[in-house]
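Heads up, the thing below is written out as structure tokens.
The values are calculated or read from the model by the stated rules, or taken from the named source; none is laboratory data. Predicted model, so just to flag it, every value in this text is computed and none were measured. No Cβ is skipped: glycine too gets one built from the backbone with ideal geometry, and neighbour counts run over all protein chains shown.
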Amino acid sequence: MTHVPSTRKPQQIHQISNLTIRKHLHGQWPPSIVTIKKFTGRYVRRRATHKQGIRASWYHNSTPHHILTTLRHPPENNPDVMTRLAHELGLSQTLQFHEVYSLTEPTLLEFLPRPAYALLLVFPVTETYEKFRRDEDSSRKDYSASGPEEPVLWFKQTIRNACGLIGLLHVITNGEARQQIQAGSDLEKLLREAIPLDPVKRADLLYQSQSLEAAHATAAADGDSTAPDANAAIDLHFVAFIKDNDNNLWELDGRRKGPLNRGKLAADQDVLSEQGQEVGVRAFLSREEEAGGGELRFSVIMLGPSMD
């Protein structure tokens, strides 16, 4: 697995059942990412809360078509900051992001308000991911659809290091979240303008959006620690999993050739259900394990009903 350079040794080792979880307290490690050694098929993560220590970039250093220089200071990757950004853009206060501490442990999943409308996965980019992406995309055409009949709204990533922002937009403009965007908000305006455009023109729309930049800057300032420079070499990437209004589960990744339909869910199954995970986030993580990746580092947050 790809290793984020660190000059400090792992600290705060915790035992949860038979899983060893290490929290890395160094500025280059993201706040919601931990190293997890998998023994029994359970994926568990813990959020490190050391204020000065762990911080995250939303971004992955992909090759840009454009460089949006005002997005230079990424906010921390935690549900509070992402919720503030989503609300700043215009998502209803009835929804918020929540920590997902386990993908399989029932007692931990019970704490989450359901239904889970979408998941946002952040993980280190590995050769396994890159190879699978290249192989699967090799037989696909570039997505070019547009208009209100699209099952999902997909944004192509052309802004350097903006995969976290793209992931957030995928979560809050699709599925149930789209129905809870406030009328007259910046997000409603962005959605209205984006729907009739093809992916290339949509990317240009994001590039030109001053309201998106302003909301992003506000959220970046809310973090507890100093954000890394936008030009830093960061190996993290964000992928969204959402359920559409026809009960399809989609994987949305701005670096792919288009949206990926991963399968059908029952009306009462959400993205954190057994079937939702089987065709979505767990299938994604299993590829790393089966490729011999060893220790898994990842973070998952979900969009669901507000607890306020």
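Of the residues Glu150, Glu176, only one is in a loop (DSSP other than H, G, I, E, B), surrounded by fewer than 22 Cβ atoms within 10 Å (Cβ to Cβ) and of a type outside the set (A, V, I, L, M); which?
It is Glu150.
Residue-wise test of (1) within 15 Å of the chain's Cα centre (by Cα); (2) under 21 Å from Ser102 (Cβ atoms); (3) modelled with pLDDT under 95.
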| site | (1), (2), (3) |
| --- | --- |
| Ser225 | no, no, yes |
| Asp229 | no, no, yes |
| Asn248 | no, no, no |
| Leu252 | yes, no, no |
| Ala266 | no, no, no |
| Val271 | yes, yes, no |
| Glu274 | no, yes, no |
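Tally time: how many residues in the range 191-212 are surrounded by 16 or more Cβ atoms within 10 Å (Cβ to Cβ) and either within 12 Å of Leu91 (Cα to Cα) or among the hydroxyl-bearing types (Ser, Thr, Tyr) (or both)?
The number of residues fulfilling the criteria is 3.
Residues Glu289, Glu278: which one is of a type in the set (Asp, Glu), surrounded by fewer than 18 Cβ atoms within 10 Å (Cβ to Cβ), outside any loop (DSSP other than H, G, I, E, B) and modelled with pLDDT under 95?
Glu289
In this structure, is Ser209 at pLDDT below 70 and hydroxyl-bearing (Ser, Thr, Tyr)?
So Ser209 does not fit the description; no.
Going by the conditions given, is Lys141 surrounded by 13 or more Cβ atoms within 10 Å (Cβ to Cβ) and of a type in the set (D, E, K, R)?
It is false that Lys141 is surrounded by 13 or more Cβ atoms within 10 Å (Cβ to Cβ) and of a type in the set (D, E, K, R).
Given the options Thr126, Thr107, Thr158, name the one that is farther than 21 Å from Phe284 by Cβ, modelled with pLDDT under 95 and crowded, with 18+ Cβ neighbours inside 10 Å.
Just a single option satisfies the conditions, and that option is Thr158.
Arg202 passes all but one of (1) closer than 21 Å to Ile242 by Cα; (2) free of Cβ contacts under 8 Å to residues at least 24 places away in the same chain; (3) part of a helix (DSSP H, G or I); which number fails?
The single condition Arg202 does not satisfy is (2).
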